[in-house]
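The values are calculated or read from the model by the stated rules, or taken from the named source; none is laboratory data. This is a predicted model, so every value here is computed, not measured. Don't worry about glycine lacking a Cβ; one is built from the backbone with ideal geometry, like all the others, and counts go over all protein chains shown. Surface accessibility is based on the protein's heavy atoms, side chains included, excluding ligands, DNA and RNA. Shrake-Rupley method; radii C 1.70, N 1.55, O 1.52, S 1.80 Å.
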Amino acid sequence: MSYPSLLDELRKTGATPENATDEQWEVAYMGAFRRDLPLGLARMEELVGRFKDGGEDRLSLPPNSAEGRQFARLFADIPQGIFERRYDVALGFFNCCTGAVANDRDSLNMTMREQFELQDPNFVDC
C-alpha cells in the first residue's frame, strides 16, 4: 500500500526513515492520510465521531467509488493500528466495504446472519 507523500510528511517531523521514532512515523502517516486519502480519512473520522457520540458503529461505502477505495485502504494493518491508538477504539472491516468501530475487539464480531444481510449484488466485485 503506497502513500506517496509519506516521506515528505516524515521529513516535516525532522526525521528520516533511518532515525524516526514511532511517534514521528505516526504523525507522518496521519499527514500522508490527509494528503493522499482525504475522502477516506474524512469518512473514517466521521465513523469514529458518530460512534463516540453514541450513534452508528458501521459505515458502508460503494467500493468502486474514490471515497470507498480510500476508506478501504485505511483498514490495512498500519493505518488501522494508528487509528485505534489515536481514537481509543477497535476497528474492523466487514464484508468488502463496511467499516465498523467498537470499544474493544471482542465487540467487533460479526454473525453469519449479519454477513448475509450486508451482501449487496452491486458489491460482488469489490
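Summary table
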| read-out | value |
| --- | --- |
| Matching option when the condition is of a type in the set (Lys, Arg), under 27 Å from Pro4 (Cβ atoms) and out of contact with any helix residue (DSSP H, G or I) (no Cβ under 6 Å at 6 or more places or on another chain), among Arg50, Arg86 | Arg86 |
| Any chance Asp22 is closer than 18 Å to Leu10 by Cβ and free of Cβ contacts under 8 Å to residues at least 24 places away in the same chain | yes |
| Tabulated pairs, segment 99-120, first among the polar types (S, T, N, Q), second part of a strand (DSSP E or B) and loosely packed, with under 15 Cβ neighbours inside 10 Å, C-beta under 9 angstrom, 6+ apart or interchain | none |
| Per-region count, segment 49-90, residues open to solvent by less than 40 Å² (accessible area, probe 1.4 Å), touching a Pro at 6+ places or on another chain (Cβ under 8 Å) and more than 19 Å from Leu118 (Cβ to Cβ) | 1 |
| Residue, surrounded by the fewest Cβ atoms within 10 Å (Cβ to Cβ), within segment 1-46, restricted to residues that are modelled with pLDDT of 95 or more and polar (S, T, N, Q) | Asn19 |
